Structures are given as structure tokens and as C-alpha cells.
1. With respect to the numbered conditions (1) assigned to a helix (DSSP H, G or I); (2) open to solvent by 10 Å² or more (accessible area, probe 1.4 Å); (3) farther than 19 Å from GLU151 by Cβ, which one is the sole condition not fulfilled by MET237?
2. Could you list, in sequence order, the residues of the stretch 369-408 that are modelled with pLDDT of 95 or more and among the hydroxyl-bearing types (Ser, Thr, Tyr)?
3. Taking the criterion of being among the aromatic types (Phe, Trp, Tyr), open to solvent by 10 Å² or more (accessible area, probe 1.4 Å) and touching a residue at least 40 places away in the same chain (Cβ under 8 Å), would at least one residue in the stretch 279-294 satisfy it?
4. Which residues, taken from the stretch 327-351, are in a helix (DSSP H, G or I) and basic (Lys, Arg)?
5. Consider the stretch 76-110. How many of its residues are open to solvent by less than 80 Å² (accessible area, probe 1.4 Å), under 18 Å from SER340 (Cα atoms) and not hydroxyl-bearing (Ser, Thr, Tyr)?
6. Hey, MET218 hits all of (1) of a type in the set (A, V, I, L, M, F, W, C); (2) assigned by the TED database to the domain that holds GLY86; (3) open to solvent by 20 Å² or more (accessible area, probe 1.4 Å) but one; which does it fall short on?
7. Tell me yes or no: at least one residue of the stretch 248-269 is open to solvent by 10 Å² or more (accessible area, probe 1.4 Å), outside the structural domain of GLU179 (by the TED database), assigned to a loop (DSSP other than H, G, I, E, B) and over 30 Å from ARG105 (Cα atoms).
8. For GLY245, work out the one condition from (1) open to solvent by less than 50 Å² (accessible area, probe 1.4 Å); (2) out of contact with any helix residue (DSSP H, G or I) (no Cβ under 8 Å at 6 or more places or on another chain); (3) closer than 21 Å to GLU151 by Cβ it doesn't fulfil.
Amino acid sequence: CAMDWQVLTRELSLYLESQVRVGFLGSGVGLSLVLGFGVAYACYYLNSIAKKPQLVASNDHFCRFLEEYCPVVTETYYPTIWCWEGRVQTLLRPFITSRPQVQYRNELIKTADGGQISLDWFDNNDSSYYPDASTRPTVLLLPGLTGTSKESYILHMIHQSETLGYRCVVFNNRGIAGEELLTPRTYCAANTEDLEAVIYHVHSLHPSAPFMAAGVSMGGMLLLNYLGKTGRDTPLMAAAIFSAGWNVFESVESLEKPLNWLLFNYYLTTCLQSSISRHRQMLEKLFDMDLVMKARTVREFDKQFTSVMFGYRSIDDYYEDASPCRKLKSVGIPVLCLNSVDDVFSPAHAIPVETAKQNANVALVLTSCGGHIGFLEGIWPRKCTYMDRVFKQFVQAVFEHGNKIFSM
């Protein structure tokens with residue numbers, strides 16, 4: 001038995017040495033394993049990952065409008081084959097996607113309380129489709145929680161709009177884009193006063209121009225809360241919402257899970273603290289800034305800072321008021337909302353599918369993958385994402401065929 005074991009060991013060693021010399025992939029066994037794994041992974045990807053999004057809309061006319069003029073919402077979404085998991089897409093998108101060059105014209109507008117808001121305009125004066133600036137369609141863009149006009153997803157939206165001949169204006173929340181904070185007040189997802197002022201201002205400058213808005217993440221939440229408040233009484237024709245957090249209670253609970261806290265929550269909290277740190281002298285008039293800067297979660301930051309700033313009795317009162325799911329029934333213009341069901345910022349169970357079915361103006365597009373503002377596709381997703389394509393097709397559909405939304 002000992003002799004047989006020695007012979008077997010020697011033969012196995014000789015075989016392994018020969019494989020090292022030949023090279024693993026050069027052997028039939030290695031090539032078969034690689035091919036087998038590749039076929040198995042491709043089958044798994046095509047059967048379980050690449051899927052058509054779920055389109056939720058109670059209005060058949062709205063559905064047919066989207067199927068004809070915004071067909072991307074009914075087509076299979078093929079997420080990047082090596083990067084489809086939600087957290088990975090969320091983390092990699094800012095580093096992978098390109099940043100188109102955009103030249104802005106900045107405008108500072110005053111608010112009723114003595115503050116100021118920074119707007120970044122992309123006028124698109126070279127538009128050949130709409131040479132008349134007075135009637136050039138305008139898209140108002142709302143970035144995420146600590147985002148500005150410099151975010152890659154905003155730049156891509158502007159690039160898509162430029163090719164269609166449209167004008168864009170980016171609403172930067174107070175104190176976030178380099179301008180001075182003139183009063184001890186910033187912003188939150190529930191208070192729509194600044195957004196109302198911006199919409200009124202933009203519309204007053206171009207009253208004859210078709211006008212719609214698109215909001216991303218917290219920008220989408222703010223836009224939804226505004227639409228729920230105003231109903232049909234808005235100059236906006238329609239709106240597009242991307243990766244909105246529908247229920248803030250569920251969002252913060254998801255972000256406080258250990259892995260999500262490590263990957264997202266702590267970093268986002270430090271971004272919030274950084275966004276107010278340069279305004280510390282102004283904010284110290286009302287807040288214990290040392291306590292605010294000790295926050296280690298978004299919930300702690302909101303408890304010590306945001307909810308106090310806007311006069312809520314408790315953080316629960318603020319989170320209830322900030323949750324767009326409560327106002328969705330009152331939205332009075334066509335709204336398309338894109339979410340991924342693997343978005344840790346907006347858990348699938350918190351997406352108000354049943355509520356959306358009760359409002360003929362609302363359509364939800366739910367993908368199985370995409371993460372939070374991810375939606376990467378293609379082998380090397382440097383340029384256009386699925387979200388960009390939804391934005392481009394829906395904006396074009398509204399501006400060029402909007403009168404058909406409820407008349408088909």
C-alpha cells in the first residue's frame with residue numbers, strides 16, 4: 001500500500017508539472033473548465049439577471065404612450081455582465097462613467113427669507129432644432145442629497161438634452177455649490193419652498209417654453225413632494241424620477257444594516273457634514289455644531305440638524321413628511337419613476353406599487369438590477385447608462401408627443 005501511494009504521488013506530481021509547463025489554459029482540462037464556467041455563467045445571467053423591467057401603470061393610455069415613444073422601459077435591461085449586483089453598481093458608477101464637458105452659466109437668485117439659490121444653466125444656444133430661445137424646451141434637473149451640477153449623472157442628462165436641442169437648468173440646493181449661505185438654513189427633502197421659487201423663476205423667464213423636471217435620489221423625493229403638494233397647479237408638463245427613496249423610515253433602516261453602514265451610511269454622513277462645515281460660522285447661530293459633527297449615521301445627522309432646522313417636533317415627524325409615498329396619490333401631471341429593486345437606499349418592499357396603481361398620472365419602471373443611480377450596461381460602461389436612455393426617451397416623448405399621453 002505504501003509503494004502504491006508513492007507511485008500515485010509521483011505520477012500526480014509529474015502530471016501537475018506537465019500542466020504548469022503546458023499552461024492551464026493550454027490543456028484540454030483547463031479549457032473545458034473555463035468554457036464550462038463561461039457557459040454556466042452566461043446561462044445564469046440570461047435567465048436570472050437580464051430581465052425586462054416591470055412597468056406599473058393603471059392608465060392604459062399612459063402605458064401605450066410609453067410603449068410607443070419610450071420603448072426602453074419595455075425592453076430587456078442587460079446590466080454589465082461583470083458588475084450587476086446593486087451595491088457594486090452603486091459604488092462603481094461614479095468612478096466608471098465618463099464626465100461630459102458642460103459649460104454652465106451661473107445665476108444666483110434671492111429667496112423670500114433672505115437666502116440665495118445657485119442655478120447652473122446650460123442654454124444650448126447652438127440648438128438647431130430650437131433656435132428660438134423663447135420656445136426652446138427646458139429641463140429642470142435636481143441632483144441627489146449632496147450632489148451638484150458637477151455630478152456625472154447630471155452631466156450625462158445635459159449631454160442627452162443637448163443632442164435633442166433642449167435647454168437645462170440645474171437646481172443646486174442652498175450652500176452646496178460653492179455659494180455663500182446668507183441665512184442659517186440649508187435644505188431637506190420635505191420642504192419644497194426653494195423648489196417652488198426656482199420653478200416659478202425659470203417659468204417666468206421662458207413662459208412660452210415647454211417645461212419639465214427630472215430629479216435623482218433626494219432630488220426625486222423633493223420633486224415628488226412638490227408635485228404631491230401642488231397637484232395640477234404647476235407649470236411643469238411632466239416629471240422623471242430616478243432612484244427616489246419612497247419611504248425614509250425604510251431607507252435609513254436599510255442603510256443602517258452593518259454592511260450598508262460600512263459601504264454607504266458613514267460616507268454619506270461625512271459628506272453631509274462636509275457640506276455644512278464651511279458654513280459653520282453662520283450655522284452656529286442656531287445649532288450645536290460640535291454635536292452635529294459627531295453624527296455617525298444619516299439618522300443621527302437628521303436628528304441633530306435637519307429636523308431641528310425645519311421645525312419638526314421629532315425626527316419621525318420629519319421622516320414621515322419627507323416620504324414621497326404619502327403624497328403620490330395627489331400627483332397631477334404625468335410622472336415616470338425608475339427604481340431598481342436591489343437599491344439599498346430604497347428597498348423593494350418600500351416601493352409604493354399599489355399606491356401608484358391608484359393614480360393614472362404615475363408609471364413605475366422597476367428593474368431587477370441597477371442599484372442606486374447605477375443602471376450600468378455594456379461590457380465597459382463608460383458612457384450611456386440605462387437610466388440615461390430612459391431619461392432621453394421620456395423627455396423627448398413628453399416634449400414632442402406629450403399631447404398624446406392621455407389621448408391614445
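The values are calculated or read from the model by the stated rules, or taken from the named source; none is laboratory data. From a predicted model like this one, the values you see are computed outputs, not experimental measurements. Using ideal geometry, Cβ is built from the backbone for each residue, glycine included, and neighbour counts are taken over all protein chains shown. Side chains included, ligands, DNA and RNA excluded: accessible areas come from the protein's heavy atoms. Shrake-Rupley method; radii C 1.70, N 1.55, O 1.52, S 1.80 Å.
1. That leaves (1) as the condition not met.
2. Across the stretch 369-408, the qualifying residues are THR385, TYR386.
3. In the first step, residues of the stretch 279-294 are kept if they are among the aromatic types (Phe, Trp, Tyr); the result is 287.
Remaining after also requiring open to solvent by 10 Å² or more (accessible area, probe 1.4 Å): 287.
Then keep just the ones that are touching a residue at least 40 places away in the same chain (Cβ under 8 Å); that gives 287.
Taking every residue of the stretch 279-294 in turn, at least one turns out to be among the aromatic types (Phe, Trp, Tyr), open to solvent by 10 Å² or more (accessible area, probe 1.4 Å) and touching a residue at least 40 places away in the same chain (Cβ under 8 Å).
4. First, the residues of the stretch 327-351 that are in a helix (DSSP H, G or I): 328-330, 348-350.
Scanning the stretch 327-351 gives a single hit, LYS329.
5. 13
6. (3)
7. Yes, there is a match, as at least one residue in the stretch 248-269 is open to solvent by 10 Å² or more (accessible area, probe 1.4 Å), outside the structural domain of GLU179 (by the TED database), assigned to a loop (DSSP other than H, G, I, E, B) and over 30 Å from ARG105 (Cα atoms).
8. Status for GLY245: all satisfied but (2).
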